[in-house]
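Q: Input: one structure, supplied below.
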Amino acid sequence: MARNGPIAALDIGTTKTCCFIAEANAVGAIRVSGIGHYASRGIKSGAIVDMEAAEQSVLSAVHAAEQMAGTTIRDVAVNVASGKPASQTLELDTDLGGAAIGEREVRRLLDDDRIAGTPPDRHLIHAVPLGFAID
């Protein structure tokens, strides 16, 4: 997030969605310049059950904060409860073609669609490589 310009934070909760816009002065002190909140729709027990309704709640909260602050935000830090997060260990295989294994190869596997092969009602939000083995 840029240090020169507005800093925005968005909290998407089960009951309400809030957006705060602030600006830092030359010495790093933060001053809130805009606040917007809206009743959350499309969210049940922290999980998004209706994407369009949830999107409207977010847009309404952000718009209200932007109007109060008199600015338009470009970047935002988001907090989402995520309903019922789950963790799992995956084993993935890839052909390296004789190349050395490094961070790039591990990242390529993590970005692969096979990881996104989770059930359609779930989305990958974080992946941590624990290790690798060579066959």
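The values are calculated or read from the model by the stated rules, or taken from the named source; none is laboratory data. Predicted model only: the values in this text are computed from it and were never measured. Accessible surface is based on the protein model in full, side chains and every heavy atom, while ligands, DNA and RNA are left aside. Shrake-Rupley method; radii C 1.70, N 1.55, O 1.52, S 1.80 Å.
Q: Which order do you get for L10, L90 if you rank them by accessible area with a 1.4 Å probe, largest at the top?
A: L90, L10
Q: With a 1.4 Å probe and all protein chains kept in place, how much accessible area does M68 have, in Å² rounded to the nearest 10?
A: 120
Q: Provide L130, L96, L110 ordered by accessible surface of protein heavy atoms (probe 1.4 Å), highest first.
A: Sorted descending by solvent-accessible area, the residues read L130, L96, L110.
Q: If one computes P(r) from the Cα atoms of segment 1-84, what percent of pairs lie at distances over 21 Å?
A: Within segment 1-84, distances greater than 21 Å cover 30 percent of Cα pairs.
Q: Using a 1.4 angstrom probe and counting only protein chains, how large is the accessible area of T71 in Å², to 10?
A: Accessible surface of T71 is approximately 40 Å².
Q: Quick check of the Kirkwood formula: for segment 55-111, what is the inverse mean of 1/r over all pairs of different Cα atoms, in Å?
A: 16.1
Q: Would you check the accessible area of R41, probe 1.4 Å, heavy atoms only, in square angstrom rounded to 10?
A: Roll a 1.4 Å probe over it and R41 shows about 130 Å².
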